[in-house]
Amino acid sequence: MAEGRAERLAEGVRAYRLIAGMWVRSTMAYRASFAMTTFGNFAATFLDFVAIMLMFSRVDALGGYPLPEVAFLYGLSAASFGLADLLIGSMERLGRRVRDGTLDTLLVRPAPVLAQVAADRFALRRLGRVVQGALVLGWSLTRVDVGWTAERLLLMPVMVVSGCGIFCAVFVAGAAFQFVAQDASEVQNAFTYGGTTLLQYPPTVFAKELVRGVTFVLPLAFVNWLPATYVLGRPYPLGLPLWLAWAPPLVAVGCCALAGLAWRTGLRSYRSTGS
């Protein structure tokens, strides 16, 4: 059984790589257009951080966090979400395929449907969001007052990779929901794009009920809030133990497993439009 799963995973990765590579080659055929759209993506997302900087032109701290620490949260959230959006952001188009019946085309191909949907219209221009988040994160690291240790340094890449995994799971679960709702891309966006916007601000500015919800129900807090408060030396509003700062990899694996189960359930329930 384990060997079969490994083979299916390898097959899915290969299919994803081939399809994504096809779209990358198509994009690079028009390099000037690619450069302009990537820059536009970078500039549009940077406006989010400009709004935060404008807030700090009137206040010294937001929820007790100065600008460098808010930039730290922002950079982690933007980089993690940007990677997930780059890798699997096309999942939000599934509802359209279900409605117009074009999903049937993917079902008859000898490749995993999830890999095909994830790689469909792979948009390399989304690198602009990743670069923008990484630049803000890099700037914040030069400004935050943190006593860097080996543990804190190791936690940095763990946060970004785990955060990407958690957001990927949300994308897949949202796509699975579209098998039922069919026109629920905006509901999915509320948890993906809305989730990353939420995490760009300190947890101390939100009600504890909301903080509990994104910690224990939809565990987006493990993308940056919980590990980042450990790095910054700040208490988490819910008074949770410090070792949870190292839980993001486990949370990411658990979320991906649940999202995979939701995807298989949704795919089995799919009924063609008949067109």
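The values are calculated or read from the model by the stated rules, or taken from the named source; none is laboratory data. Everything quoted here is computed from the prediction, not taken from an experiment. Cβ: placed from backbone, ideal geometry, glycine included. Neighbour counts: every protein chain shown.
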**OP:** Using the structure shown, decide if Leu210 is more than 30 Å from Val98 (Cα to Cα), part of a helix (DSSP H, G or I) and touching a residue at least 40 places away in the same chain (Cβ under 8 Å).
**Re:** no
Original post:
On the given criteria, is Ala169 farther than 17 Å from Phe222 by Cα and touching a residue at least 60 places away in the same chain (Cβ under 8 Å)?
Top reply: no
**OP:** Please determine, by comparing only the residues of region 64-96 that are touching a residue at least 40 places away in the same chain (Cβ under 8 Å) and either among the aromatic types (Phe, Trp, Tyr) or not in a helix (DSSP H, G or I) (or both), which one is farthest from Leu137 (Cα to Cα).
**Re:** Gly64
Subject >> Residues located in region 216-275, provided they are farther than 24 Å from Pro157 by Cβ, among the aliphatic types (A, V, I, L, M) and without any contact (Cβ under 8 Å) to a residue 60 or more places away in the chain >> reply: Val217, Leu238, Leu261
Original post:
Taking the condition at negative phi, surrounded by 17 or more Cβ atoms within 10 Å (Cβ to Cβ), of a type in the set (A, V, I, L, M, F, W, C) and at pLDDT 90 or above, does Phe39 pass?
Top reply: no
**OP:** Would you point out the residue of region 159-182, among those that are within 14 Å of the chain's Cα centre (by Cα) and of a type in the set (Val, Ile, Thr), that is surrounded by the most Cβ atoms within 10 Å (Cβ to Cβ)?
**Re:** Ile166
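Looking for whichever is of a type in the set (D, E, K, R) and under 26 Å from Tyr74 (Cβ atoms) here; the options are Arg121, Arg152. Which one fits? It would help to see each step written out before you state the result.
Values: Arg121 fails: under 26 Å from Tyr74 (Cβ atoms).
Criteria check complete, one pass: Arg152.
Against the condition more than 21 Å from the chain's Cα centre (by Cα), closer than 23 Å to Gly89 by Cβ, assigned to a helix (DSSP H, G or I) and of a type in the set (A, V, I, L, M, F, W, C), how does Leu47 come out, does it pass?
For Leu47, the condition - more than 21 Å from the chain's Cα centre (by Cα), closer than 23 Å to Gly89 by Cβ, assigned to a helix (DSSP H, G or I) and of a type in the set (A, V, I, L, M, F, W, C) - is not met.
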